[in-house]
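Peer 1: Let me begin by handing over the structure; questions about it come next.
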Amino acid sequence: MSTQIISVLVEDEAGSLTRMSGMFSRRGINIHSLTVSPSEKEGMSRMTIVTTGDEREIEKIEKQLNKLIEVVKVNILDKNTSVVRDLCLLKVYADKENRAEVLEIANAFKSNIVDISIRTITLEITADPLDIDRFVETMKNFGIKELFRTGVTAISRDIEKKSGG
């Protein structure tokens, strides 16, 4: 089973999220990540759902989603031809003994410092989910006080074909 990213354009109305997640739970399908936000179209929201399943299972999910009244469009995104990001806020212990090392690693991962106190540093990183996993694993060496992740959001890339001539 592989991880799949599903982008769903839905009418922005009360209960849409409940019906969507209910469809997954009734079928015993786990949602690993779910993000919802307004879309480029007035009155529409975009949901990015990360789940696992083989090709047949994902095809069933797509068909079930398309049966929901508020669903306008369902796209199964290819990780190789999409921009996939996650946002993480991480508060790590950093005192005068290890602060320089924490900042050096944070810089190497291109994270941003969003808050500093005497005992902690809060960092923000937006990246591919696997890069965030590596960042979090590295920061565990210093002790993580708090960790928040938004969940995956993704958008397909425009693949432009070269014209002959």
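Peer 1: Taking segment 19-58, which residues are modelled with pLDDT of 90 or more and of a type in the set (Asp, Glu)?
Peer 2: The answer is Glu40, Glu42.
Peer 1: In segment 89-124, which residue that is assigned to a strand (DSSP E or B) and touching a Phe, Trp or Tyr at 6+ places or on another chain (Cβ under 7 Å) is surrounded by the most Cβ atoms within 10 Å (Cβ to Cβ)?
Peer 2: That would be Val92.
Peer 1: So, one more: Among the residues of segment 71-81, are any over 15 Å from Gln4 (Cβ atoms), modelled with pLDDT of 90 or more and charged (D, E, K, R)?
Peer 2: Checking segment 71-81: at least one residue is over 15 Å from Gln4 (Cβ atoms), modelled with pLDDT of 90 or more and charged (D, E, K, R).
Peer 1: Now, a different point. What single numbered condition from (1) out of contact with any helix residue (DSSP H, G or I) (no Cβ under 9 Å at 6 or more places or on another chain); (2) farther than 30 Å from Lys145 by Cα; (3) touching a residue at least 12 places away in the same chain (Cβ under 8 Å) fails to hold for Ile76?
Peer 2: (1)
Peer 1: From the list Asp95, Asp131, which one is among the acidic types (Asp, Glu) and under 22 Å from Thr3 (Cα atoms)?
Peer 2: Asp131
Peer 1: Okay, moving on. If Lys67 meets every condition in (1) more than 21 Å from the chain's Cα centre (by Cα); (2) within 17 Å of Ala154 (Cβ to Cβ) apart from one, which number is that one?
Peer 2: Failing condition for Lys67: (2).
The values are calculated or read from the model by the stated rules, or taken from the named source; none is laboratory data. From a predicted model like this one, the values you see are computed outputs, not experimental measurements. Reconstructed Cβ throughout: ideal geometry from the backbone, glycine too, with neighbour counts over all protein chains shown.
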